[in-house]
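Enquirer: Got a structure here, written out as structure tokens. Questions coming.
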Amino acid sequence: MVFILALFLIMVYNKDKVLFLKRRDVLFMLTTLNMLEMQLIITASHGDPHTVLGMHEMTIDGKACVVVRAFVPQAKSITVIDDKKPDKTFKMEKIHMDGFFECVIKSRKKWFKYQLEIEDYEGHSWTTYDPYSFAPGIGEQDIYLFNQGTHYEIYNKLGANPTVIDGVKGVLFGVWAPNAKRVSVIGEFNNWDGRRNAMRLLGSSGIWEIFIPGLQNCDKYKFEIKTASGELIQKSDPYGKFAELRPSTTSLVYDINNYKWKDSKWYKHLDNTDKYNSPMNIYEVHLGSWKRVESEENRFLSYLELANELIPYVKEMGYTHIEILPIEEHPFDGSWGYQVTGYYAPTSRYGNPDEFMTFVDKCHQAGIGVILDWVPAHFPKDAHGLAKFDGTALYEHQDPKQGEHPEWGTLIFNYGRNEVKNFLIANALYWIEKFHIDGLRVDAVASMLYLDYCKNEGEWVPNKYGGRENLDAVEFMKHMNSVITGKHPNVHMIAEESTSWPGVTTPAQEDGLGFTLKWNMGWMNDFLEYVELDPIYKKYHHYNMTFASTYAYSEKFLLVLSHDEVVHGKKSMLDKMPGDLWQKFANLRVAYGFAMAHPGKKLLFMGGEFGQFIEWNEKRPLDWFLLEYDHHQNTLDFVKELNHLYLDNNALWEKDFEGFGFEWIDADDKDRSIYSFIRRGETKEDTLVVICNFTPNADEEFRVAVPFEGTWKEILNSDDTRFGGSGVVNNTPAKSEKIECNHRENSIGLRLAPLSVTILKCVED
């Protein structure tokens with residue numbers, strides 16, 4: 001014991017001397033390294049291992065030389081090889097039995113590029129560049145921008161980024177963990193040993209970094225973190241680009257920069273298009289349940305299979321965009337992707353990142369935009385994820401009154417922290433720039449805006465003014481949207497915002513939130529409440545369908561019939577409809593017709609287009625077999641024709657956000673539950689007249705006002721027998737008459753079918 005204590009004291013106080021101490025079973029050698037530092041390396045407790053390990057220039061006894069140190073626990077021997085002169089080798093001495101090696105090279109005065117030849121006790125040998133021989137790959141400018149929240153490409157520095165440093169291929173690892181005692185990269189390449197590849201802390205930035213040579217695409221890794229309390233935890237990479245298939249939580253190295261895009265024509269098209277005055281009819285899809293391969297244990301379709309099946313279907317149906325429920329990596333299928341743990345990783349359920357890029361690319365080549373559901377409002381508490389990432393509340397608030405959604409059992413991002421804002425804004429840009437996403441549907445915006453969202457008295461903390469508004473979240477959204485729309489003016493930022501917060505789609509520079517579109521939840525709720533009613537009760541709720549006109553132009557609205565409305569006992573769109581089977585389908589057609597003709601961009605969830613009868617269930621595919629039955633095939637045919645009519649008639653989309661584009665003919669015919677209105681485009685010839693009858697009563701002598709004289713042709717009638725209707729249609733164009741109707745001088749007479757939508761267009765003045 002006395003010997004060991006004396007040895008320790010000698011080694012601590014002889015930093016600048018070469019010291020050899022021998023016992024029968026142990027050889028200790030010391031140069032500038034004291035025992036304490038060596039012990040810190042061996043126990044993976046050193047805050048900056050690069051100052052100890054690797055090659056260092058030094059002076060011994062007044063003479064310049066270099067020393068190389070390495071810590072490889074399983075190594076039997078290590079040899080230093082001069083990279084330029086491979087015949088020049090230098091044997092390292094094992095100075096600690098746990099695997100600490102050192103070599104003093106007296107013949108060399110300056111640092112030189114080298115490799116390590118390592119042999120283990122099982123006779124395996126390999127040669128590698130020393131991870132501790134490389135300068136930091138994350139610079140001061142990177143740190144400065146990240147810490148102030150404006151490094152919009154931080155994903156190129158943090159995470160696992162394949163790169164070349166000093167001519168050596170490898171992976172640059174970076175992670176933000178400011179309260180950690182130590183962070184290591186662990187993986188199969190180091191036997192998951194957190195002592196092997198301990199990272200260095202870059203000043204006071206909170207960023208840990210290391211470059212590991214020789215790693216390949218899809219190598220497995222995690223971060224091992226020693227917390228301030230000394231606990232060892234393992235975390236998936238917050239900036240990880242790919243992950244193993246669940247239930248594994250391991251991150252995978254992936255180079256996302258190799259894909260060759262072929263969608264230049266799509267971007268030329270966007271540059272010549274006004275995104276607000278263009279058609280936008282979205283097909284909302286959950287990739288895991290649109291279709292499955294039931295013959296192969298009900299497996300998911302891959303990104304490539306979806307590209308081959310989903311894209312042609314969407315194109316044929318006449319949709320302009322696909323909106324995908326979240327495909328960012330998530331552990332639980334039943335969350336539908338809304339509890340994200342891997343914000344930078346397309347889920348491995350359907351393939352790798354390049355295959356997802358292929359899907360997006362082929363969408364663009366087919367003229368279809370891609371919108372991604374994005375979830376910056378909350379994240380789950382899974383141990384491998386962002387929760388208490390470095391042992392502290394890093395991405396979330398410490399106070400659960402600020403940092404938790406009690407109803408959802410999830411955590412709320414700390415939007416007041418620059419590094420967290422940077423993580424999210426860079427992530428949004430990442431999907432846009434690296435995966436060519438055309439828009440982000442931002443989930444649960446209302447939960448971000450209000451501190452008391454779904455909380456009771458005493459469960460939330462007011463802002464500095466005593467109010468319920470989350471001022472940090474507001475600033476974050478303004479910042480994010482101004483950056484994205486400034487860099488990518490053709491991209492849509494779509495807010496799922498369910499309240500009357502003012503200026504959601506007003507530009508941030510005009511003190512709005514800066515989104516480009518807002519989900520019209522008010523219209524959706526009023527609409528669904530109305531169409532579900534038995535016709536005898538509809539007259540008492542007539543103004544459900546007209547109320548949206550009072551606020552229609554306060555925001556730029558997207559009309560949605562989404563996944564949320566066909567689950568949890570709410571019934572499918574078809575099953576919501578009243579009446580017998582025929583009436584259900586007829587009601588569905590007129591409801592869709594009204595929605596399509598109403599001002600605002602459009603969205604319909606998958607299955608609604610053919611009358612899926614049961615509620616959506618993410619565990620099973622849609623009931624495509626229903627298309628064997630006429631009612632369902634006819635519904636599909638109707639929706640297809642309605643979609644193409646929408647595309648072909650700019651009156652239905654050109655003036656969505658201007659009062660000029662819409663005018664009621666009769667909004668007050670509540671006793672008959674009939675609505676009639678005008679849609680206008682740029683020219684008089686674009687004008688359409690729309691009549692919706694929400695009762696099963698036909699009228700063979702119905703008269704409706706028209707905006708000007710001419711011959712009006714029926715271009716769509718949902719009661720056509722082709723769609724499963726009764727055939728009360730108007731095959732002959734009708735010339736307007738000078739008969740006053742609805743306070744207008746011109747009108748036409750026509751047959752009004754039961755439970756139908758009729759659309760008319762002037763074909764001759």
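Please treat every number below as a calculation from the coordinates, not as lab data. If you're wondering where the values come from, they're calculated on a predicted model, not measured in any experiment. Methodologically, a virtual Cβ is constructed for each residue, glycine included, from the backbone with ideal geometry; neighbour enumeration extends over all protein chains shown.
Enquirer: Tell me which lysines have Cα within less than 19 Å of residue 619's Cα, excluding those fewer than 8 residues away on the same chain?
Expert: Residue 619 reaches 291, 570, 571.
Enquirer: At 20 °C and a viscosity of 1.002 mPa s, what translational diffusion coefficient does Stokes-Einstein give for the stretch 200-346, taking Rh as the Kirkwood radius over Cα pairs? Give it in µm²/s as a whole number.
Expert: After rounding, the answer is 113 µm²/s.
Enquirer: Sorting check: for 691-699, 51-59, 291-299, which peptide has the highest mean count of neighbouring beta carbons within 10 Å, and how do the rest follow?
Expert: On the way: 691-699: 20.7, 51-59: 17.0, 291-299: 11.6.
Going from most to least packed, we get 691-699, 51-59, 291-299.
Enquirer: Here is a further query. For the Cα atoms of the chain, what angle does the longest principal axis make with the long axis of helix 303-317, in degrees from 0 to 90, nearest 10?
Expert: 20
Enquirer: Got a sec? Which residues in the stretch 177-194 would a label at residue 51 touch, if it sits 7 Å along Cα→Cβ and we count backbone N under 16 Å?
Expert: Correct set: 181-183.
Enquirer: Hey, got the dipole for the chain? About the Cα centre, +1 on K and R Cβ, -1 on D and E Cβ, debye to the nearest 20?
Expert: 3440
Enquirer: Would you list, by chain and number, the lysines whose Cα falls below 26 Å from the Cα of residue 94, excluding same-chain residues fewer than 8 positions away?
Expert: 15, 17, 22, 63, 76, 84, 85, 106, 109, 110, 113
Enquirer: When 1/r is averaged over all different Cα pairs and the result inverted, which Kirkwood radius in Å belongs to the stretch 443-530? Provide the component values of the computation, followed by the final result.
Expert: Details: mean 1/r = 0.0712 Å⁻¹.
Kirkwood radius, the stretch 443-530: 14.0 Å.
Enquirer: Across the Cα atoms of the stretch 617-666, what radius of gyration and what greatest pairwise Cα-Cα distance (Dmax) are found, in Å?
Expert: Reported Rg and Dmax, both Å: 16.8, 46.
Enquirer: So, one more: Between residue 708 and residue 553, what FRET efficiency comes out of the Förster formula 1/(1 + (r/R0)^6) with R0 = 22 Å and r the beta carbon distance, rounded to 0.05?
Expert: According to the calculation, E is roughly 0.40.
Enquirer: Follow-up. How compact and how long is the stretch 423-467, expressed as Rg and Dmax of its alpha-carbon atoms in Å?
Expert: Spelled out, the Cα radius of gyration and Dmax of the stretch 423-467 are 15.6, 44 Å.
Enquirer: Evaluate 2.2 N^0.38 Å with N set to the residue count of the stretch 658-764, then give the Cα radius of gyration divided by it.
Expert: So the Cα radius of gyration is 1.01 times the expected 2.2 N^0.38 Å.
Enquirer: While we're looking at this one, here's another question. With no solvent and one equal point scatterer per Cα, compute the Debye intensity ratio I(q)/I(0) for the stretch 700-749 at 0.21, 0.24, 0.25, 0.26 Å⁻¹ and report its log10, rounded to two decimals.
Expert: Rounded to two decimals, the profile gives -0.74, -0.87, -0.90, -0.94.
Enquirer: What does DSSP give for the chain in terms of the percent of beta bridges that are antiparallel, rounded to the nearest 5?
Expert: Just about 80 percent of them are antiparallel.
Enquirer: A further question on this structure: Going by how many other Cβ atoms sit within 10 Å of their own, how do 396, 510, 305, 419 line up, fewest first?
Expert: On the way: 396 25, 510 8, 305 17, 419 21.
Fewest to most other Cβ atoms nearby, the residues stand as 510, 305, 419, 396.
Enquirer: Right, another one. Which GluC sites (Glu not before Pro) from the stretch 711-751 combine a DSSP loop assignment with at most 14 other Cβ atoms within 10 Å?
Expert: In loop regions of the stretch 711-751 (DSSP not H, G, I, E or B), the sparsely surrounded GluC sites (Glu not before Pro) are 740, 745.
Enquirer: May I pose another question? Can you give the angle from 0 to 90° between the axis of helix 521-531 and the longest principal axis of the chain, with both taken from C-alpha atoms, to the nearest 10?
Expert: Here the helix axis deviates by roughly 40 degrees.
Enquirer: Let me ask something additional. What value, in deg cm²/dmol to 500, does the helix sum -39500 (n - 2.57) over DSSP H runs of n ≥ 4 give at 222 nm once divided by the residues of the chain?
Expert: Mean residue ellipticity at 222 nm (helix-derived): -6500 deg cm²/dmol.
Enquirer: Which of 212, 665 comes first, and how do the rest follow, when ranked by fewest Cβ neighbours within 10 Å?
Expert: Values: 212 24, 665 21.
By the 10 Å Cβ count, ascending, the order reads 665, 212.
Enquirer: Between the helical axis of 471-487 and the dominant principal axis of the chain, each derived from Cα atoms, what acute angle in degrees is found, rounded to the nearest 10?
Expert: Approximately 80 degrees, to the nearest ten.
Enquirer: Can you check what the Kirkwood hydrodynamic radius comes to for the stretch 279-650, Cα pairs only, in Å to one decimal?
Expert: Its Kirkwood hydrodynamic radius stands at 21.6 Å.
Enquirer: Ok, one more. How many angstrom lie between the C-alpha centres of the stretch 562-584 and the stretch 476-514?
Expert: 33
Enquirer: Separate question: Over the Cα atoms of the chain, what Rg and Dmax result, in angstrom?
Expert: Considering the chain through its Cα atoms, Rg and Dmax are 32.8, 118 Å.
Enquirer: Compactness ratio of the stretch 564-670: Cα Rg over 2.2 N^0.38 Å, N = residue count?
Expert: Working: Rg = 15.4 Å, N = 107, 2.2 N^0.38 = 13.0 Å.
Cα Rg divided by the expected 2.2 N^0.38 Å: 1.19.
Enquirer: How do 549-562, 398-411 rank on mean C-beta neighbours within 10 Å, highest first?
Expert: My ranking of the peptides, most packed first, is 549-562, 398-411.
Enquirer: Figure the gain on full extension for residue 618 and residue 475 (residue separation times 0.36 nm, minus the Cα-Cα span) and round it to one decimal in nm.
Expert: Taking 0.36 nm per residue and subtracting the Cα distance, the gain is 48.0 nm.
Enquirer: If you don't mind, there's one more thing I want to ask. Can you pull the one-decimal nm distance between simple spin-label points at residue 91 and residue 625, each 7 Å off the Cα toward Cβ?
Expert: About 7.5 nm, to one decimal.
Enquirer: Something else now. Which order do peptides 134-145, 640-651, 490-501 fall in by mean Cβ count within 10 Å, highest first?
Expert: In decreasing order of mean packing, 134-145, 640-651, 490-501 become 490-501, 640-651, 134-145.
Enquirer: Using the count of nearby Cβ atoms within 10 Å as a rough guide to exposure, how do 741, 762, 454, 363 rank from fewest to most?
Expert: 454, 741, 762, 363
Enquirer: Between the DSSP loop rule and a limit of at most 14 other Cβ atoms within 10 Å, which chymotrypsin sites (Phe, Trp or Tyr not before Pro) in the stretch 411-512 are left?
Expert: 465
Enquirer: Something else about it: Determine the equivalent ellipsoid of the stretch 140-252 by diagonalising the alpha-carbon gyration tensor, then write out the semi-axes as square roots of 5 times the eigenvalues, largest first, rounded to whole Å.
Expert: With the √(5λ) rule applied to the stretch 140-252, the semi-axes are 20, 18, 14 Å.
Enquirer: Still on this model: Under the classification rounded if a/c is under 1.5, otherwise prolate if a/b is larger than b/c and oblate if not, where does the stretch 211-267 fall, given a ≥ b ≥ c as square roots of the Cα gyration tensor eigenvalues?
Expert: Numbers: a/c = 2.71, a/b = 2.36, b/c = 1.15.
It is prolate, given that a/c is not under 1.5 and a/b is the larger ratio.
Enquirer: Which of the listed residues, 705, 730, 695, is farthest toward the dipole's positive end in the stretch 658-764, when Lys, Arg count +1 and Asp, Glu count -1 at the beta-carbon?
Expert: Most positive-ward Cα: 730.
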